[in-house]
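Here's the structure we're looking at; comments come further down.
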Amino acid sequence: MARESASARVARAARILDLLETAYPDAHCALEHADPYQLLVATILSAQCTDVRVNLVTPSLFARFPDPRTLAGASQGEVEDLIRSTGFFRNKATNLLAMAAALVERHGSRVPDTMDELRALPGVGRKTANVVLGNAFGRNDGITVDTHVGRIARLLRLTSAADPEKVEQDLMRLFPRPKWTLLSHLLISHGRAVCIARRPRCGACPVR
């Protein structure tokens with residue numbers, strides 16, 4: 001990376017973005033949701049779990065607890081039973097209950113639309129806040145960096161960082177702000193379809 005100028009890297013990033021947009025025109029958030037509350041819950045559940053598994057669990061969860069107030073009044077055991085298959089279910093249930101209570105007490109059962117307010121909620125870090133802001137509110141305040149995004153960004157020499165927040169800062173400097181939310185979906189789509197960690201399909205890679 002040291003041999004590539006900053007301007008050359010920006011130009012290369014722009015070309016990569018164009019190629020990925022062509023390759024994955026339907027890239028979008030894979031977590032199924034109808035509103036910001038549902039997306040926030042689903043994103044908390046997605047930690048160390050596949051989006052496919054989360055999408056199997058959330059319909060029953062949302063049918064039982066359709067809003068923050070009903071979730072805040074739930075018992076720990078009932079929530080644990082509903083989300084057990086997502087893994088780390090005790091910790092996730094604790095966070096969901098505390099998050100819902102905070103929404104009711106601090107925000108009138110409304111999911112806030114600012115980074116600081118979201119990150120102040122129990123169980124919500126910058127990654128979760130970026131998902132909610134970008135996909136529920138259309139705000140490009142940051143770039144969601146999951147394992148796919150971090151791994152592929154390093155493979156493409158867009159960053160050398162391992163820490164997700166440092167990866168995010170590097171990517172934010174390279175890509176235009178209106179594309180930040182989309183960029184995450186493009187890299188995740190690429191990681192699932194072609195740049196698969198254990199069996200990469202390099203011959204089919206649109207950005208090789």
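What the table shows:
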quantity: Residue match in segment 29-51 (condition: among the β-branched types (Val, Ile, Thr), free of Cβ contacts under 8 Å to residues at least 12 places away in the same chain and more than 26 Å from Ala120 (Cβ to Cβ)); calculated: yes
quantity: Enumeration of residues in segment 44-57 that are under 13 Å from Ala93 (Cα atoms) and buried (at least 21 other Cβ atoms within 10 Å of the Cβ); calculated: Ile44, Leu45, Ser46
quantity: Asp26 under 17 Å from the mean Cα position of the chain (by Cα), open to solvent by 50 Å² or more (accessible area, probe 1.4 Å) and among the acidic types (Asp, Glu); calculated: yes
quantity: Only listed residue being open to solvent by 30 Å² or more (accessible area, probe 1.4 Å) and part of a helix (DSSP H, G or I), chosen from Leu39, Leu19; calculated: Leu19
quantity: Every residue from segment 61-81 that is assigned to a helix (DSSP H, G or I), closer than 15 Å to Asn95 by Cβ and open to solvent by less than 50 Å² (accessible area, probe 1.4 Å); calculated: Leu61, Pro68, Leu71, Ala72, Val79, Glu80
quantity: Test result for Ser85, more than 30 Å from Leu171 (Cα to Cα), of a type in the set (Ser, Thr, Tyr) and open to solvent by 20 Å² or more (accessible area, probe 1.4 Å); calculated: yes
quantity: Residue satisfying condition, being open to solvent by less than 20 Å² (accessible area, probe 1.4 Å), touching a Lys or Arg at 6+ places or on another chain (Cβ under 9 Å) and farther than 30 Å from Ile16 by Cβ, within set Leu158, Leu103; calculated: Leu103
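Matching residues to (1) closer than 23 Å to Ser7 by Cβ; (2) over 16 Å from the mean Cα position of the chain (by Cα); (3) modelled with pLDDT under 95:
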{"residue": "Asn91", "(1), (2), (3)": "no, yes, no"}
{"residue": "Leu133", "(1), (2), (3)": "no, no, no"}
{"residue": "Gly150", "(1), (2), (3)": "no, no, no"}
{"residue": "Thr159", "(1), (2), (3)": "yes, yes, no"}
{"residue": "Glu165", "(1), (2), (3)": "no, no, no"}
{"residue": "Trp180", "(1), (2), (3)": "yes, no, no"}
{"residue": "His185", "(1), (2), (3)": "no, no, no"}
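The values are calculated or read from the model by the stated rules, or taken from the named source; none is laboratory data. Owing to the predicted nature of the structure, the values given are computational and were not obtained by experimental measurement. Neighbour counts are summed over all protein chains in view; Cβ atoms, including those assigned to glycine, are modelled from backbone coordinates with ideal geometry. Keep in mind that these areas ignore ligands, DNA and RNA; they rest on the heavy atoms of the full protein, side chains included. Shrake-Rupley method; radii C 1.70, N 1.55, O 1.52, S 1.80 Å.
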